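Shown next, in structure tokens, is the structure this report addresses.
The values are calculated or read from the model by the stated rules, or taken from the named source; none is laboratory data. This one's a predicted model, so the numbers in the text were calculated from it and none came from an experiment. Virtual Cβ from ideal backbone geometry, glycine too; neighbours counted across all protein chains shown. Accessible surface is based on the protein model in full, side chains and every heavy atom, while ligands, DNA and RNA are left aside. Shrake-Rupley method; radii C 1.70, N 1.55, O 1.52, S 1.80 Å.
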Amino acid sequence: MAIIEKKLNFENIDLVSLFGFNNIYLLLIENRFKTGIIQRGSNLTLKGNDDEIIKIEKILNEMKYMLNRNKHLTEADVKTVIDIVDANNTPEPTKKEVSSMSNIVFNGVKDAIRVRTQKQLEYWQKVQENDMVFAIGPAGTGKTFLAVAMALASLRNNEVGRIILSRPAVEAGESLGFLPGDLQEKIDPYIKPLTDALQYMLGGEKVKILIDKNTIEITPLAYMRGRTLNNAFIILDEAQNATAVQMKMFLTRMGSKSKVIITGDVTQIDLPHNTLSGLIHATKLLKNIDGIDFVYFDNRDVVRHKLVADIIRAYERETEELNSGNSR
């Protein structure tokens, strides 16, 4: 369906009362739909498909009517209007629903993101039951992709107010300061897997809007120091490349009403020789803390091309043989 753009004007009305403090009412609408909403003063620009734009315009008009009639507007009022107008839209699934035949975690713009293996279902369940989950295993098991889907579902269901995605910038062996371009251009190569997942699930235009509004933030791990992250779904990807000091720094950024997923593959550590991986250190140090859980994937859980599992097994056999030879 073609993406269209429509401009709406709301002059001569109290915009804070209509849109909510910090545009919280607009965020409720935007999280329900795939359409982007951009505010510039009394003007709104809607970018999405025609059916959704018609619904959003009806919601906004009803909100305006209620505000004029009652002289105030509450979050409950807005949620009720959204539910009535968007009667055919269902929220992201509950734990019981994800455990059923459908296994849908997030309804994306292209297709539904589903739990595809028993281990992925375990992963999803642990994220629902804990505030912090470590997902550890080889490439192709869906650790990062499913984490992004869970974060978007949480945002759409208004369980969090924003998503923060982070990665250690160590793969190229270069300092960010010496790479060309501004900060965004410097970090683009490192965050590509995260932006690819976002664009697949939301579409490029919606991702750009949410990043511009800081509803989605993508940042290198080094830039997390000194922050407290409240009301956020936070993902640290490629965590095997964080040092123990960096991992402690990251984990202690967690604020109230936040959820954290840490993903990594301990067989692909790119840190300098003899540098302890923060992921390995954390799995040993935090394993008995309530509210923190771990899920471990292996080559049997690979959901990419069938050859990926065979490749992983071949490398594992070589490692076992080398270790066996060294122990003699």
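General remarks:
- Test: residue in the range 47-65 that is hydroxyl-bearing (Ser, Thr, Tyr), out of contact with any His (no Cβ under 6 Å at 6 or more places or on another chain), over 20 Å from Lys208 (Cα atoms) and open to solvent by less than 50 Å² (accessible area, probe 1.4 Å): no
- The range 224-253, residues that are in a helix (DSSP H, G or I), touching a Ser or Thr at 6+ places or on another chain (Cβ under 8 Å) and under 20 Å from Leu194 (Cα atoms): Met224, Ala239, Gln240, Asn241, Phe250
- Residues within the range 254-308 that are within 12 Å of Met132 (Cβ to Cβ), in a loop (DSSP other than H, G, I, E, B) and open to solvent by less than 90 Å² (accessible area, probe 1.4 Å), tallied: 4
- Only listed residue being at pLDDT below 90, closer than 25 Å to His281 by Cβ and of a type in the set (Gly, Ala, Ser), chosen from Ala232, Ala222, Ala239: Ala222
- Among the residues of the range 105-132, those that are among the β-branched types (Val, Ile, Thr) and open to solvent by less than 60 Å² (accessible area, probe 1.4 Å) comprise Val105, Ile113, Val115, Thr117, Val127.
- Gly41 open to solvent by less than 50 Å² (accessible area, probe 1.4 Å), within 30 Å of Gln240 (Cβ to Cβ), over 17 Å from the mean Cα position of the chain (by Cα) and modelled with pLDDT of 85 or more: no
- Only one entry of Glu75, Glu30, Glu97 meets the criterion of being at pLDDT below 90, under 26 Å from the mean Cα position of the chain (by Cα), at negative phi and open to solvent by less than 50 Å² (accessible area, probe 1.4 Å), and that entry is Glu30.
- Criterion (of a type outside the set (Val, Ile, Thr), over 19 Å from Met254 (Cβ atoms), at pLDDT 90 or above and open to solvent by less than 50 Å² (accessible area, probe 1.4 Å)) met by exactly one of Ala135, Ala151, Ala169, Ala197: Ala197
- Every condition in (1) closer than 23 Å to Gly291 by Cβ; (2) surrounded by fewer than 21 Cβ atoms within 10 Å (Cβ to Cβ); (3) of a type in the set (Gly, Ala, Ser) is met by Ala232 except one, and the failing one is (2).
- Within the range 63-84, the set of residues being among the hydroxyl-bearing types (Ser, Thr, Tyr) and within 17 Å of Asn22 (Cα to Cα) comprises just one member, Thr74.
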